[in-house]
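Have a look at the structure below before the remarks.
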Amino acid sequence: MRPIDETATAIRPIDQILSTVQIRGAEAIWVFLAHCYALLVPLAICAAVYQHWQYLLATTFNPFLFFVAACLLSAGGAFEAAQNTMDNWYLTEDSASANGVGLCDFLFYWLVTAGQAVIAIAIGGDNGWVVAIGVASVLALPPLYFTKGPYFAPLAVSNLLVIGLAFRTFGDPVVFLQLLVVAATMYFFAALLKTRAQVLHGFTTVVASSGVWFLILTMSDGAAGLSSSWLLLAAIVVVTVLAGFALWPYLSRLPASRRIISLGT
């Protein structure tokens, strides 16, 4: 019989979990909630599709594929959280979540790219070129990722495909604000790597996962026969860009978060 390690059995599960988390307090809660949001927000697509099912049957190729895409996006969020756990929830320029070297990080990008590709096919899959681009973007990501190529490109292509098809099908230019979401994500991510202030990790995650709301909005407006004003969208972009410039001096001077090193980390 093997001897029982009394020290190991005395460690509480919560202590074991916290030993993998190198941030604490309100900052840790905020980052955790941000990832819960990223994991669950794709399910809002399911609610929107259910609400506008008849409209989508008449205007899209296969609305059932939206449910598939939501599952893929949520699964991607789960792998992102898994990679952050491996990185001890303290992101730096050297962590796998930042430099693109990690199995869960790869699965995150692959599943999100696949989710965007499936959305594109759900909207315009009756066109062979849409299917070809969507499939090509999914197949291109693994070799690009593992050879340290531009692995962001397949995700960008599938995202642009969704934006173009959504605008053509639903007629509301609000979907183009997804491009602003991408820019805002890179803005907060750059500030995070520059300062190591982990509160920015939460903002990066929330912003990055919020693009689906503009898809849902353009879908809902299309069903209601509404369309956003181009002038309003331009004003939103201008105000956001100006706010970004104004906030950067303050964000870039945020102090680095205190790193908690626990036994067993």
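Treating the beta-carbon of each Lys and Arg as +1 and of each Asp and Glu as -1, no other charges, what is the dipole magnitude of the range 104-263 about its Cα centre, to the nearest 20 debye?
Dipole size: approximately 760 debye.
Give me the distance in nm between label points sitting 7 Å out from Cα along the Cα-to-Cβ direction at T20 and V131, one decimal.
4.1
In angstroms, what radius of gyration and Dmax does the range 164-265 have, counting Cα atoms only?
17.5, 59
By the gyration tensor of its Cα atoms, with a ≥ b ≥ c the square roots of the eigenvalues, what is the shape of the range 24-161: rounded for a/c under 1.5, prolate for a/b over b/c, or oblate?
Oblate.
With 10 Å bins from zero, work out the P(r) of the chain over every alpha carbon pair and list the percent per bin.
Over the chain, the share of Cα pairs per 10 Å bin runs 7, 27, 31, 22, 9, 3, 1, 0 percent.
Quick one: go through the range 162-196 and flag any residue whose amide nitrogen is under 15 Å from the point 7 Å out along the Cα-to-Cβ line of S229.
Of the residues in the range 162-196, 173-174 have backbone N under 15 Å from the label point off S229.
For the chain, what does the relative contact order come out to in percent, with C-alpha contacts under 8 Å and a separation of six or more? Spell out each step's value before the answer.
Numbers: 352 pairs, mean separation 64.2, N = 265.
Result for the chain is 24 percent.
Of the chain, which part is the longest with no trypsin sites (Lys or Arg not before Pro) in a loop (DSSP not H, G, I, E, B) and with at most 11 other C-beta atoms within 10 angstrom?
Within the chain, the longest run free of exposed trypsin sites (Lys or Arg not before Pro) spans 1-147.
Going by the alpha-carbon gyration tensor, a ≥ b ≥ c the square roots of its eigenvalues, is the range 207-246 rounded (a/c under 1.5) or, if a/c is not under 1.5, prolate (a/b greater than b/c) versus oblate?
Verdict is oblate for the range 207-246.
Each value in this text was obtained by applying a stated rule to the coordinates, not by laboratory testing. The structure presented is a predicted model; accordingly, all values stated were derived computationally and were not measured. Note that we place each Cβ from the backbone using ideal geometry, even for glycine, and neighbour counts take in every protein chain shown.
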